[in-house]
1. Given the -39500 (n - 2.57) contribution per DSSP H run of 4+ residues, what per-residue ellipticity at 222 nm results for chain A, rounded to the nearest 500 deg cm²/dmol?
2. Hey, got the average number of other protein chain Cβ atoms within 10 angstrom for residues in A:129-141?
3. Taking the Cβ of residue B:274 as the center, what net charge do the other residues with Cβ under 14 Å away carry, scoring Lys and Arg +1 and Asp and Glu -1?
4. Can you compute log10 of I(q)/I(0) for the range A:297-372 with the Debye formula, treating each Cα as one identical point scatterer, at q = 0.24 Å⁻¹?
5. Of A:227/B:311; B:133/B:257; A:227/B:133; B:257/B:311, which sit over 32 Å apart, Cα to Cα?
6. For the range A:161-289, which semi-axes, largest first and in whole Å, follow from the square roots of 5 times the eigenvalues of its Cα gyration tensor?
7. Return the average number of partner chain Cβ atoms within 10 angstrom of each residue Cβ along peptide A:58-70.
8. Which of the pairs A:27/A:492; A:28/A:411; A:27/A:331 have their Cα atoms more than 22 Å apart in this structure?
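Just so it is clear, none of the values below were taken in a lab; they were calculated from the coordinates. No experiment lies behind these values; they were computed from the predicted model shown. Neighbour counts run over all protein chains shown; Cβ positions are idealised from the backbone, glycine included.
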Amino acid sequence: MATAVGALAHTEEHSGLWSWLTTVDHKKIGALYGITGFLFFLLGGAEAVAIRTQLAVPNGTVVDAARFNELFTMHALTMIFLAIMPMGAAFFNYFIPLQIGARDVAFPRLNALSYWVFLSGAVILTSSFFLGGAPDGGWFAYVPLTGKQYSPGTGLDFYVVGLMVLGLSSLLASLNFAVTIINMRAPGMTLMRMPVYMWIALVVAFLLILSLPVLTVGLIQLLFDRKFGTNFFTPGSGGDPILWQHIFWIFGHPEVYVLILPAMGIVSEVLPVMSRKPLFGYSAIVFASASIGVLGFGVWAHHMFTTGLGTVPQVVFSASTMAIGVPTGIKIFNWLGTMYGGNIRFVTATYFAVAFIATFTIGGISGVMHASPSVDAQHQDSYFVVAHLHYVLFGGAIMGIFSGIFYWFPKMTGRLLDEATGKLTFWLMFVGLNLTFFPMHFLGLAGMPRRIYTYDAGLGWETWNFVATIGAYTIAASVLVFVVNFLMTMRKPRTAPDNPWDGATLEWATSSPPPEHDFDVIPPVHDRDPLWYMRDHNIAMPAPPEHQHIHMPPPSYFPLIMGLGVAMMAIGVLSTFAITALGIVVVIYSTWGWVLEPTD
Amino acid sequence: MGSSRSGRAAIIIGSLVATAILTWAIFVAFADSANTPQTTFIPASVQAALVRDAYMIIFILAGVVFFAIMAVTLIFTLLYRERPGQTALQFHGNSKLEVVWTLIPVIIVVIMAVPTFSAISETSKAPPADALKVVAIGHQWWFEFQYPELGLTTANELHVPVGRAVSVTLESKDVIHSFWVPQLSGKVDMMPGHRNHLWFTPTQARPEPYLAQCAEFCGISHANMRFRVFVRPAADFDAWTKSTAADRTAPTTDIAKAGEAQFAASGCVGCHTVKGNAAAAGTVGPNLTHFGSRTTLGSGVVDSNPQNIRKWLANPQNVKPGALMPNLNLSQDALDKLVPYLEGLK
């Protein structure tokens, strides 16, 4: 039976295009996520530079109003769904099995499918630029503006379909990660001995599992409104635009924590290792992360303080929003506690991690400020909020991701990124981000609204807009320096030691880069910082048995085929439903092959 | 440095001074930005002042937290960077400290919550019975203002008397817009299918208008959807009401009379009302009865003057992308007549 569906031979090659297309190795899939996410980070950055160039001076003429609206919408969608989330997923993919002492994720083929579905969604969403215009209704896509009447073009259809496909990908990945972390930890690794990063991966997985279905329901309703003339959100026909806002933000606010928590996790790994001391307040950070995950579902309406919610909802959501600031504050104090009394090795990863504390704190402070609905009535939809969210997502998420890149690069590639160039990247990025985003606080205070493609001279907005644009170019330069560093480093021989930073967690117990089966012997876990415990108690890694056969799942092309089937289903919605029908056939065929595929 | 007691003191004092200078510089820049035409921080109404007072407390708290975290981060960075011979202290945490720094943010948010909730309860009270009633209607991309009790309709310029409460009912004809006059009131959205309300009591009359702008992304010309609020002494406001209630100033010159005919011939009357011109009763576009007395055109995009009126009429989308007024391809002759007519509608 199996041979009947497996028409193509499996590859046993470990390099070459076919091996990448059929891989089920979590490390290769992590690399695919990372590279793809970084390329989209460059695209989203280019969109940001175009936006800032237009706004550098009053009455700018670099892009027109229609293009500007596409650019700011796609900048947000690209950075959120195609850059930060996949870069976070890249690290999760790569390090969940390694940090818990497993040989792969629970469902390796499902993992490959997540990537191919993600890639389909990313390509579909971005292709809108060349196929009749990109979405231009903001990443929040408020109806009625995004309904058929006011957005008759196809841009919003790409938004709906693209996000549904991307949501499917994240949902599959999150289920996989949650099952892996819960079931596949090495002997001795109790939940409270897991690295904080693993706790955060678990919280993020649950946030996505619980919030994405809500978004998907909303997207289907919007799709039906647009395609089939239903009235879920149409005022005057029984629908209500407020409903969309509730649905969107019940997804949208947990999504914010999906973006920032992984960076918090990375910093919670880097700081103790570089400070050469255990993480301060492990349990506090774990409980803070979990409570952020829970409270994150109870604050969505603070995005809607100005919609006329009424007094009681304003007070309730204000209180819950202020409450979520508390666990965030606890984390900041614990990171500082980790630095206290340390002997801190200041490598590039440390620079990014320490700067993260400072810049994320700024975003946290401004976030708590507009937890007050009264203040929010002035901040909402002004540049103050643009400053706030970029301090959280750039000062937080991106700084954390860069810390992770420098920290884990030797493990992933066997090569250490150049430190001098790395520090140049850091300083350019740190200066650039503050030049770009701090002045936006001043612009917000001076009454500049968001999402405007032009402004008049004489409102006191000229200076800081110009400074912000200089900052954006500085950030672009920092990223360019990083790309050069990456390309130069990849040409060097693999000389990085297995544990260059004297790391405490299990990924440093195997070779750099790790073998396909991750560990020759699954290391035993005695402590929260297993490698430090073994170092301090002179416990050697157990030697591998002389004859051992480690069974790894074979490569499979069915995830790729099923990913193509999902892409066809989506493309059909954008063109003709016949392609959707064909896509369903492909998905059914690949499910058949998937189920009956031999496992060795 | 750093290993000795005096070295540590120097690091701590230096960091505190550096952070204090940074915080002070940021404060100066904030104060400077507050003093701008569309400022959110200099209130000119009772309610905006209440909000500003809450804002001020929160702002100061934010400054204190900023200073503290930045200073500690800087101190630890300098104090604990690796040095030969130095070893890291080995400890896992401190439960007492955890309790303390859980309470610190709790106390901070409670301090924030008190003025916030009192401001909410104050601003969400029903407006006084004698409040001036205004219905503000958002359109893509302009604001319509109706005074139901006075029977007035105008566009993009709201006139109100000083010292009397203004109760604004917010509606939208199409997509979501947001009504925001930073110095008079925080924003409230104009939501199709819903009726929102806000009210404010202006405290400062002045000749120059308060600047305002749509704050909810509403499509291609969102950036060009602006309006102005004129707060005037009661007597001036009454005079304005009278003149606005009156019919349009009838054209006196030949060219303006020809313009009124052109206004009908070109189809303008289908969308625009001009009271006193029976043919012009359209309600899709702004009411133009007293167009000539407005300071701007195209919803605050450009100053109202003959050159700009001509430019607008010749090609509205050129002045304001996406403007829903069609390009009528008016001849030079038609423009010559229409401009003086419109300018004369005082």
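1. Values: 20 runs with 383 residues, N = 600.
My calculation for chain A gives -22000 deg cm²/dmol from helical runs alone.
2. Taking the mean over all residues of the peptide, I get 1.
3. That sum, taken over residues with Cβ under 14 Å, equals +2.
4. -1.06
5. Numbers: A:227/B:311 39 Å; B:133/B:257 36 Å; A:227/B:133 41 Å; B:257/B:311 21 Å.
With Cα atoms farther than 32 Å apart: A:227/B:311; B:133/B:257; A:227/B:133.
6. 39, 15, 10
7. For peptide A:58-70, the averaged partner shielding equals 2.
8. Details: A:27/A:492 20 Å; A:28/A:411 13 Å; A:27/A:331 29 Å.
Cα-Cα > 22 Å for A:27/A:331; rest within.
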